[in-house]
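A short worksheet on the structure shown next.
Derivation of every value follows stated rules applied to the coordinates shown; laboratory data play no part. Everything numeric here is computed off the predicted structure, so don't read it as measured data. Glycine gets a Cβ as well: all are built from the backbone with ideal geometry, and neighbour counts include every protein chain shown.
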Amino acid sequence: MRPVAAVTLGLLLLMDAVRVLLPSLITIYGQAGDTPPEQLGLFAALWFVLPVLALLISPRWALLGGAAVLAAGRVALQATDGGLPQLYVSAVSVTAAIVFLYGSAKLVAGPHARLALPLGLALSPALHLSIGHLDLVWRDGLLPWIPTVLAVVAFGWAVLGVTETAEPAPGRLWFALGPALLLTGMFLGPSALIDDGGPWSAVMLLVALAALVAASQAGRFGLLGPLALLVGVAFAHLQGRLDAGSMLIFAIGLGACLRLAGSGAARRPGGALLGGMVTFFVGTFVYYAAYDMNLGFPNGLVVLVMGLLVAGVAVARELPDWKAAVAAVAAIALALLLPQAGAPAAARQPIEGDEFTLIAYNIRMGFGTTGTLDLDAIGDWARSRDPDVVLLSEVDRGWFLNGGHDDLDRIAARLGMSYHFAPAADELWGDAVLTNLPVSLLTSHPLKSYGYPTGAQAQTFTIEVGEHRVGVLNTHLQSPDRQSADLPALLPAAPALLAGDLNLTPDDPAFAELLRRTGLTDPLKAFGDPPTSPAENPVKRIDHVLLSPGLTAVSAEVPGVPFSDHLPVVVRIRVD
């Protein structure tokens, strides 16, 4: 079974590299929005198009050469510490992995491929879950090196056991791998856990991953599998994520489609694999580009197209099976009746006195100034300031583009705080409050886009500080000149504060108008007016904590920490 192990571990190492490359494109090459999307897309596409050159060499050399570079790249990734080396090592590793898979498609026997592909799709998110959705590459010290080296050695041993076969798997199966990678990366990861944080969601995710593999090895499903997959992606399109029932439907449907796609005679498996990986890139780029540029159509359609591609190649030679269709409807109805776990109850830990400490921080999905993922460092730093309320912007709860991490759950665990998430761009990206104070009247108000594609919201709530009640408005403006004009109507009654990344400086006319209409004051003026952006060389203050009458800033500072492209604002506030 060494060929099975080779392809499975190759997919595992590919996803390790992808989860570094995609956020590195944004934070290192793209400088978080400063690089035109077209230029960013062409640079990223290069690494998915280069493997086409594998057509010029023998499959054996593609397999061995790609595997050698992929293994070396994975070790090098563990040794990198951000910056351009991280970007280019991850990019070369992705290219090498695709070349290796091209050789595998030509050389690995059909039965081995039909097991290895679904096993690799399931193993990567399962292992990611087991390590807390924080990749080993982002961890320091000796311990992460042990599983990394073991995986690379096992991969090398398995690759040397691959011999040429006369019966590779059909090209349909290898093509389906591309869109299947995107779908599993988006919907079988942290996004499946955001409602709970307890064991129930994790167990359901593992059950779904096991079901994916089991369905891929079961008998023929007829229309059952494709129909289940399409229902799953339809739920994902409507909800932006999958709950327990629809996740199980999706996983079974995907596994069944891979089973169907793997049947039949082998036709151009190598070329189909290359086409599938280009499809993976195009789908990923188009889906997430919608948050920075207007595409003219909702990006949820990308999910439907990926599902249709997988279902289409699965049924390309299947005849309708109406009994299977009826069974599919019954199975879907049963799965939708599965109980759903609720969110954990917020802690209520009132504080005495009339002062509290607040942090407002745009964390850029947890990626620091060198492009490294610094979620634990953010949590540890924030805990050192002993805050009562932490307001976060640009919180990612499982975007595949950023590596599939639940920023909020990870930071909250380090702080020991409960949290309330406010979706903005979609269900997995937005703003949040972390606090153990009693919270009431919690609402998220979607803000008008005014033509800007990235969504924005205003999260309002009330906290209890001793015997006082303080209103809070937490937001991250995307079209600041216009959206700031909508905030006065949402501000809670005084005493209240408005905080977050407003993308306005104190000198902007819209900022002055906001203060005039709300009666808020800017306390940081009295504490040196420290700039907050960009973090490496701050020259302007666009992150704010604004106070109404009845609140006074006892102290305020902007610490120079490197965990984002913004600096945080820390204010000690007294309720008068």
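Brief remarks follow.
- Once exposed loop GluC sites (Glu not before Pro) are cut out (DSSP; at most 16 other Cβ, 10 Å), longest piece of the chain: 1-163
- Order of Tyr419, Tyr102, Tyr450 under a 10 Å beta carbon neighbour criterion, fewest first: Tyr450, Tyr419, Tyr102
- Proxy reagent accessibility, fewest Cβ within 10 Å first, across Val108, Val153: Val153, Val108
- Kirkwood Rh, angstrom, the range 43-115 [1 / mean 1/r, Cα pairs]: 12.8
- Proximal aspartates and glutamates to Lys448, defined as alpha-carbon separation beneath 13 angstrom and excluding residues fewer than eight positions away on the same chain: Asp481, Asp486
- Here's the picture: charge each Lys and Arg Cβ at +1 and each Asp and Glu Cβ at -1 in the chain, and of Tyr361, Phe421, Ser90 the one pushed furthest to the positive end of that dipole is Ser90.
- Taking the chain and dividing mean pair separation by its residue count, relative contact order in percent (alpha carbons under 8 Å, at least six apart): 13
- For the range 122-132, Karplus couplings with θ = phi - 60° (6.51, -1.76, 1.60), whole Hz, Gly/Pro x: 7, 5, 4, x, 5, 5, 4, 5, 5, 9, x
- Computed from the Kirkwood radius of its Cα pairs, the Stokes-Einstein diffusion coefficient for the range 1-169 at 25 °C and 0.890 mPa s stands at 150 µm²/s.
- Derived scalar couplings ³J(HN,Hα) [the range 371-383; Karplus, 6.51 cos²θ - 1.76 cosθ + 1.60; whole Hz; x for Gly, Pro]: x, 7, 7, 10, 4, 5, 5, 4, x, 5, 5, 4, 4
- Selected from Phe43, Pro125, Gln78, residue furthest toward positive end of dipole (the range 1-151; charges at beta carbon): Pro125
- Size of charge dipole - the chain - debye, nearest 20, with Cβ of Lys, Arg +1 and Asp, Glu -1, no other charges: 2320
- Close amide-amide hydrogen proximity is noted between Ser555 and Arg572, each under 5 Å apart and 5 or more residues distant or on a separate chain (H modeled in the peptide plane; Pro and chain starts excluded).
- Rounded to 10°, Cα long-axis angle of helix 509-518 versus longest principal axis of the chain: 60
- Backbone geometry of the range 487-492 corresponds, through the Karplus equation with coefficients 6.51, -1.76 and 1.60 at θ = phi - 60°, to 3J(HN,Hα) couplings of 6, x, 5, 9, 5, x Hz, x marking Gly and Pro.
- Between helix 199-217 and the chain: long-axis angle, C-alpha atoms, 0 to 90°, nearest 10: 20
- Of all aspartates and glutamates in the structure, the ones whose alpha carbon falls short of 19 Å from that of Lys525, not counting any fewer than 8 places away in one chain, are Asp501, Asp507, Asp508, Glu513, Asp543, Glu557.
- Taking Lys and Arg as +1 and Asp and Glu as -1, the other residues whose beta-carbon sits under 10 Å from that of Ser90 total +1.
- With all projection directions averaged, the alpha carbon convex hull of the range 355-575 covers 10.8 nm².
- Of the residues Ser548, Ser263, the one with the fewest other Cβ atoms within 10 Å heads the list, and the complete ranking is Ser263, Ser548.
- Straight-line cross-link partners of Lys106 among the aspartates and glutamates, defined as a Cα under 19 Å from its Cα and at least 8 positions apart when in the same chain: Glu164, Glu167.
- Radius of gyration and maximum dimension Dmax of the chain, Cα, Å: 24.9, 81
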